[in-house]
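Below is one structure, written out as structure tokens; the observations come after it.
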Amino acid sequence: MSSKLAKAETLYRAIQSRKAIPRLTAEEDFSIAVGYEIQEELLKLQAGQVVGLKMGMTSKAKMLQMKIDAPIFGVLTKEMLIANRAQYSLSQLIHPRIEPEIAFLTKRELSGNPSGEEALAACESVAAALEVIDSRYEDFSFTLADVVADNCSAAGFVIGAWHPISVPVDNLGMVLKVNGSPVQFGSSAALLGDPVLSLVELVKLLAKQGKSLPAGSIVLAGAATAAVPLNIGDHVAVEVEKLGTAEIYAC
Ligand code: OOG
Ligand code: MG
């Protein structure tokens with residue numbers, strides 16, 4: 001039996017050493033609630049500057065790919081932010097994947113159980129986004145509690161140009177291109193029917209822990225399609241109808 005801190009340290013060492021580990025629950029089962037406590041310990045060890053949160057498993061495509069069937073959240077730090085169209089070194093990563101996302105920027109605190117309209121009204125802007133995920137577990141093999149403990153595989157994210165929230169976001173076509181070739185097609189509607197509902201779900205998950213979503217948070221609503229491997233030399237772009245692109249050059 002190891003403590004929550006020891007489990008977080010095991011994950012932290014995997015990040016530092018770029019060496020994947022067997023899923024933590026293989027040794028000792030723990031609840032999703034404990035997974036979130038380990039996630040908090042891991043974030044303390046990483047000592048990053050929190051800029052927002054990410055939702056995970058909010059589309060059928062992701063749930064099927066990862067065999068996990070409930071939305072979860074992780075923390076985004078400033079250190080994870082990659083400038084749009086920048087070169088991004090994969091040298092610190094284990095087995096990165098990339099996925100197409102929608103990002104929100106909030107202007108008002110959100111708490112409790114808001115409606116979709118209330119969540120939307122609390123947003124400043126919306127953007128196309130890419131997320132780089134890099135599970136610290138061998139073969140991306142984990143249970144819900146494991147992936148929560150691992151900060152939901154968070155590694156990096158790219159935000160395209162911000163747009164005023166007046167753009168309707170419930171059904172925007174999304175294409176993920178690798179080196180110019182389309183590899184995944186989706187719609188923002190894949191995210192719980194409307195990415196704003198992913199934001200609502202996040203606020204509800206936070207409320208269960210007695211927390212709220214602060215104003216000025218960046219929120220990734222989750223991948224609209226399955227993730228694809230990210231390799232050195234890849235130029236990856238997500239094109240989102242009305243929102244433009246978010247792009248990365250992996251090196
Ligand atoms: C977990 C992260 C899930 C999403 O957008 O669904 C996620 C993983 O797939 O390793 O970020
Ligand atoms: Mg994601």
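The values are calculated or read from the model by the stated rules, or taken from the named source; none is laboratory data. In this text the structure is predicted, and so the values were computed from the model without any measurement. Don't worry about glycine lacking a Cβ; one is built from the backbone with ideal geometry, like all the others, and counts go over all protein chains shown. Heavy atoms of the whole protein, side chains included, go into the accessibility calculation; ligands, DNA and RNA do not. Shrake-Rupley method; radii C 1.70, N 1.55, O 1.52, S 1.80 Å.
Conditions tested, residue by residue: (1) out of contact with any Ser or Thr (no Cβ under 9 Å at 6 or more places or on another chain); (2) among the charged types (D, E, K, R); (3) more than 30 Å from ALA14 (Cβ to Cβ).
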{"position": "ALA127", "(1), (2), (3)": "yes, no, yes"}
{"position": "SER135", "(1), (2), (3)": "no, no, no"}
{"position": "ASP146", "(1), (2), (3)": "no, yes, no"}
{"position": "ILE159", "(1), (2), (3)": "yes, no, no"}
{"position": "PRO168", "(1), (2), (3)": "yes, no, yes"}
{"position": "PHE185", "(1), (2), (3)": "no, no, yes"}
Any chance you could count how many residues in region 38-58 are under 19 Å from GLU201 (Cα atoms) and either at pLDDT below 95 or surrounded by fewer than 19 Cβ atoms within 10 Å (Cβ to Cβ) (or both)?
1
Sole residue being more than 16 Å from ligand 2 (Cβ to nearest atom) and either out of contact with any helix residue (DSSP H, G or I) (no Cβ under 7 Å at 6 or more places or on another chain) or assigned to a strand (DSSP E or B) (or both), chosen from PHE142, PHE185
PHE185
Going through region 228-251 one residue at a time, which ones are open to solvent by 10 Å² or more (accessible area, probe 1.4 Å) and either in a loop (DSSP other than H, G, I, E, B) or at pLDDT below 95 (or both)?
ASN231, ILE232, GLY233, ASP234, GLU241, LYS242, CYS251
For LEU205, work out the one condition from (1) surrounded by fewer than 20 Cβ atoms within 10 Å (Cβ to Cβ); (2) outside any helix (DSSP H, G or I) it doesn't fulfil.
(2)
If we scan region 158-167, do we find a residue that is within 20 Å of GLY222 (Cβ to Cβ), of a type in the set (Gly, Ala, Ser) and either modelled with pLDDT of 95 or more or away from ligand 1 (no atom under 11 Å from the Cβ) (or both)?
yes
Confirm whether SER135 is of a type in the set (Ser, Thr, Tyr), more than 11 Å from ligand 1 (Cβ to nearest atom) and either closer than 16 Å to LEU191 by Cβ or not in a strand (DSSP E or B) (or both).
no
Can you pull out every residue in region 173-200 that is open to solvent by 50 Å² or more (accessible area, probe 1.4 Å) and on the phi < 0 side of the Ramachandran plot?
LYS177, SER181, PRO182, VAL183, PHE185, LEU197
